[in-house]
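Note sheet for the following structure.
The values are calculated or read from the model by the stated rules, or taken from the named source; none is laboratory data. Everything numeric here is computed off the predicted structure, so don't read it as measured data. Heads up, the Cβs are rebuilt from the backbone with ideal geometry, glycines too, and the neighbour counts pull from every protein chain shown. Calculation scope for accessible area: heavy atoms of the full protein, side chains included, ligands and nucleic acids excluded. Shrake-Rupley method; radii C 1.70, N 1.55, O 1.52, S 1.80 Å.
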Amino acid sequence: MAGEVQQVEKLVEEPVQLGIVTRDPLTWTKWMKLGITLNICANAFLNNACAAGLVPTLNAVSAELGVAITTASYLMSYNVLAQGLSNLIWVPTTLCYGKRWVVVLSMAMLLPCLAWAAVATSFESLLGARVVGGFASGASEAFAPMMIADIWYEHDLTTALGFFALCTFAGATLGQTALGFVTERLGWRWAYWVVLIACGLNMFTMLIWLPETTFQRGLTVGITAGDVQRNEELREKHTITNPETALPSVDADAEVQVNRAEPMESMRPNLWFIRHPEIDYHANWLSYFVAPFYFVMLPTVLWSTLTYAATAAAFTALGTCIAQLLGAPPYNFSPGDQGLFSLSSFIGIGLGGTLGSRSVDIVNARINRRRSEQGKIHKPEERLIMLALPFFTATVGLVLYGVAVQRQLPWIAAAFGYGIHSFGFVVLAGTTFSYAIDSYLVRSGEVMVFNNTVRALLSFGVTHVVPTWLTTAGPTVVYSVLAAIIWGFLLLGIPVIIFGPKLRELTNHFL
């Protein structure tokens, strides 16, 4: 206890001594933050519409190109694999050359891949377009959380990341709804053309309103997002109560210059530039490529990553097999019907990404405020208490879905299970994302690379096996096994909550 009090007193008296740079390169007003967040989340939405959103096309592709429906599902599984593994390339490139232009480059690569898929005349050609397109679209899965961590802090971090998760998974569900009707009325090729048009518009909006958010704050391993939040609040209070003796920033001249700038004047240099002053162009790309693998040795990040990856694999397996399970008797859903069925998942995603994620931030803010008043340091593990929500929703929803489909219950029962699972998944994703980023704020990019790489490998393995497994074991067994695995990982969260701070302290030297 005495050590915690001394650390808080040090933060109050010498905030800069922690290595937290308090100046800001932009006048990050609330509406600017919202604009940037909406832009990158729209990109994540469309990239996932390019992936799982095209599930309703599988039956049509199977019929036209003469492949089995289980083989057609490779268009989804290999795309997911390419999305995740691409982060091993995109993130080191982003850290060396900045986020803005790398993101625009990824979209410039995606557009011709969508055109290639739309005109493919063989399954092999279509699969090739999906793999290369998955590589291009995977960039958003890592850069979006990195940019969110750049502009949002402790009290809003889970909400912002929850909204990102909402848009990511809504791209799959709303994409299935819209593209299901496009496929039914115009054919599967037009589904790809529609996505291409939407992605082209998003690329245009990024060109005119997606600034470079990279900023060298001087953070070190061990400083959390909560420390940054407290540091800024203490400076604000000190400035208000003692305006003539405000705490100095690391670069006072830069702070004054930024404060005098108008929002658009401070935004413009971060939109159109050749070399950005905050980007280290001399950084070693290979070291950034290797760095994410160090997180294998960090139990807290490894646990949060495996928990998210297992749940993401179940969510992906559930969505990609809709055509296989509901397109056959007794349901006989058309592509349009399959898209409408996916709205049940969107409802769950919407509630999870708004009410669910916000509740995590509210509970965490109250706990953190109480700890601050008691002279205790911030603990990212406080966020994990809210994993009780997905423990009873993400898992139960899977079991309910499997039982409903196998027993051929009315479609509303399966839709209810799909919605409950989606709600829990989004809350779990936002919570594990924010926990990992909060714990290792300075290494957030590498955390997300590790996260998405493991998620991609697990999702690929599960979605590659599940279509055949469903034909032999049945939906009840398959989805119950997946639910049991998620339960096991969530129960491991209890020792992480208890021993997490000590584990992070012991393993920080690996980074």
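Just how many % of Cα pairs in the stretch 414-508 lie over 15 Å apart, if you round to the nearest whole percent?
74
Could you order the peptides 480-488, 131-139 from most to least packed, using the average number of other C-beta atoms within 10 Å per residue? Let's see the in-between values first.
Values: 480-488: 17.9, 131-139: 24.9.
For the peptides 480-488, 131-139, the packing ranking is 131-139, 480-488.
In Å and whole numbers, how far do the C-alpha atoms of the stretch 114-178 stretch along each principal axis, longest first?
Here the Cα extents, ordered largest to smallest, are 51, 24, 14 Å.
If packing is taken as the average count of other Cβ atoms within 10 Å, what order do 64-70, 187-193 fall into, highest mean first? Don't skip to the answer; put the middle values down first.
Numbers: 64-70: 15.0, 187-193: 21.0.
Result, highest mean first: 187-193, 64-70.
Among HIS509, HIS282, HIS276, what's the order by accessible area (1.4 angstrom probe), most exposed first? Before the final figure, lay out the partial values.
On the way: HIS509 135, HIS282 165, HIS276 10 Å².
So, going from the largest accessible area down, we get HIS282, HIS509, HIS276.
Residue by residue, what Karplus-based ³J(HN,Hα) values in Hz, rounded to whole numbers, does the stretch 192-206 have, using 6.51, -1.76 and 1.60 with θ = phi - 60° and x for Gly and Pro?
5, 5, 4, 5, 4, 4, 5, 5, x, 5, 5, 4, 5, 5, 5
Please compute, over every Cα-Cα pair in the stretch 41-168, the percentage with a separation greater than 18 angstrom. Present the calculation step by step, with values, prior to reporting the outcome.
On the way: 4432 of 8128 pairs.
The answer is 55 percent, as a whole percent.
When the Kirkwood radius is taken over all Cα pairs of the stretch 297-408, what Stokes-Einstein diffusion coefficient follows at 4 °C and 1.567 mPa s, in µm²/s?
Here the translational diffusion coefficient equals 77 µm²/s.
Give me D for the stretch 37-101 in µm² s⁻¹, whole number, from Stokes-Einstein with Rh from the Kirkwood sum over alpha-carbon pairs, 25 °C and 0.890 mPa s. Walk me through the numbers on the way to the answer.
Details: Rh = 13.8 Å.
Answer from the Stokes-Einstein relation: 178 µm²/s.
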